[in-house]
Amino acid sequence: MSTIKLKNADVVLPDRTVRRNSIAVDGGRIVSVGETAEDASFERVLRLDGCTVFPGFVDVHNHGAAGVDVNDADADGLLRVAEYLASCGVTAWMPTLVPDSDDNYRRIIGEIDRLMELQAGKPVAQAVGVHYEGVFANEKMCGALRPEFFKKFDGHQLSELPRLRNGVHMTTFAPEVEGGVALAAELTKQGWIASIGHTQADTAMLDAAFAAGARHMTHFFNAMTGVHHRDVGVAGWGLTNKGVTFDIIADGVHVVPRMLELACRAKTPEKVSLISDSVAPTGMGDGEFELWGETIRVVNGRTQNERGSIAGSVSTMLDGVRMMRSVGFTDGEVAAMASTNPARLLGIDGLTGSIEAGKFADLVVIDGTGNVTMTIVRGQLAAK
């Protein structure tokens, strides 16, 4: 790996943004920020006047992009998704599965294992685990998920979900399903991230799930009961429980901009993660696409399935970053929501998610118009 110096950029650090700063990279890691050696000491010097360097984005909820659906993909297809994500500033991601047959689960977990071998040493978004969304969901809050593949928990079903050889495991579940609270406890015991979603649980059930170890919530506001002045609802519970974090789709479609601002200010940016929830048509423009056994339409950046439900998003993490900047969040707050917090959720924040000496050189450079000019993954420049 080459030594690289990024110079004259605004650099978003964990506690501040420093103007016209420099970053030194060696061996795929950040070796210093601010005080760097002379340009001649580096194999490559990148002058970034007018640009801002963010930590690489971490997407914990992604169903695919560039025409590739995670549930149907092989490792080569997943690598194409990873290449596309890197072009949009993502340096780490969680391939996310919708409910499916046990046979296909086994197949795709094998393909994600193979992806994690193929991606090594390549400047693509690095898959760091798998997210099972909605296997244990409430049918009344299924959204675009397929209820015929939903499961109940009686103490054994978790062992039926195939596991990666290495990596983070996350599951979105509804506490009110049969055995839901016991499921939260078992997920926590086995080291999974237990995330509440696709639910209409009451406060008592949510409290029980929280006590059992569920500390996060999936695509806040979507596929959960909202806030009412006589019923706090799932969303109100999430806003008022100081110990829970949530992720949110900041595309302006799933949640309107003013509500994004309200919810994230109320929760505080330190407890919010941005997600894309992107699906295969992301990056493909408007049109009709086959996805999860039905036809979905994409019109003006909004997805809709045959039942009239939103079927994921066609936005990227970069779109979410632009949105949050546009509604008034600082670059430091946005970096926390797009990078630091999701990395912490996944337990990889010791390696990535912020610009600090010793961490991987996972960086995204954004110009004055909000576009990605380059993404660096573990010290290597990703293709544009």
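The values are calculated or read from the model by the stated rules, or taken from the named source; none is laboratory data. Only a predicted model underlies this, so the values are computations on that prediction, with no experimental measurement involved. FYI the Cβ positions are ideal-geometry reconstructions off the backbone, even for glycines, and counts take in every protein chain you see.
Observations on the structure shown:
- Of residues in segment 1-31 being hydroxyl-bearing (S, T, Y) and under 28 Å from the mean Cα position of the chain (by Cα), the one farthest from R44 (Cα to Cα): T17
- Which listed residue, of T199, T245, T225, T188, is over 19 Å from A137 (Cβ atoms) and among the hydroxyl-bearing types (S, T, Y): T245
- Contacts under 7 angstrom Cβ, first residue in segment 242-254 being closer than 11 Å to V272 by Cα and touching a residue at least 60 places away in the same chain (Cβ under 8 Å), partner aromatic (F, W, Y) and buried (at least 20 other Cβ atoms within 10 Å of the Cβ), 6 or more apart: D247/F220
- The one condition from (1) farther than 17 Å from V130 by Cβ; (2) surrounded by fewer than 18 Cβ atoms within 10 Å (Cβ to Cβ); (3) of a type outside the set (S, T, Y); (4) touching a residue at least 12 places away in the same chain (Cβ under 8 Å) that R165 does not meet is (1).
- Top-ranked residue of segment 229-248 - restricted to ones that are part of a loop (DSSP other than H, G, I, E, B) and hydrophobic (A, V, I, L, M, F, W, C), ranked as farthest from M317 (Cα to Cα): V232
- Qualifying residue in segment 346-353 (condition: in contact with a strand residue (DSSP E or B) (Cβ under 8 Å, 6 or more places away or on another chain), modelled with pLDDT of 95 or more, surrounded by 24 or more Cβ atoms within 10 Å (Cβ to Cβ) and farther than 17 Å from H219 by Cα): yes
- None of E160, E178 is surrounded by fewer than 17 Cβ atoms within 10 Å (Cβ to Cβ) and under 27 Å from M116 (Cβ atoms) except E160.
- Per-region count, segment 280-304, residues of a type in the set (A, V, I, L, M, F, W, C), within 24 Å of N104 (Cα to Cα) and touching a Phe, Trp or Tyr at 6+ places or on another chain (Cβ under 8 Å): 2
- Candidates E117, E133, E111, filtered to the one that is touching a Gly at 6+ places or on another chain (Cβ under 9 Å) and in a helix (DSSP H, G or I): E111
- Residue match in segment 4-14 (condition: over 28 Å from G370 (Cβ atoms), at pLDDT 95 or above and of a type in the set (A, V, I, L, M, F, W, C)): no
- Condition met for I23 (touching a Gly at 6+ places or on another chain (Cβ under 8 Å), over 30 Å from I108 (Cα atoms) and not aromatic (F, W, Y)): no
- Here segment 297-334 is the region considered, the condition is being aliphatic (A, V, I, L, M) and free of Cβ contacts under 8 Å to residues at least 24 places away in the same chain, and the residue that is surrounded by the fewest Cβ atoms within 10 Å (Cβ to Cβ) is V299.
- If the condition is being assigned to a strand (DSSP E or B) and among the aromatic types (F, W, Y), then segment 281-320 contributes only F289.
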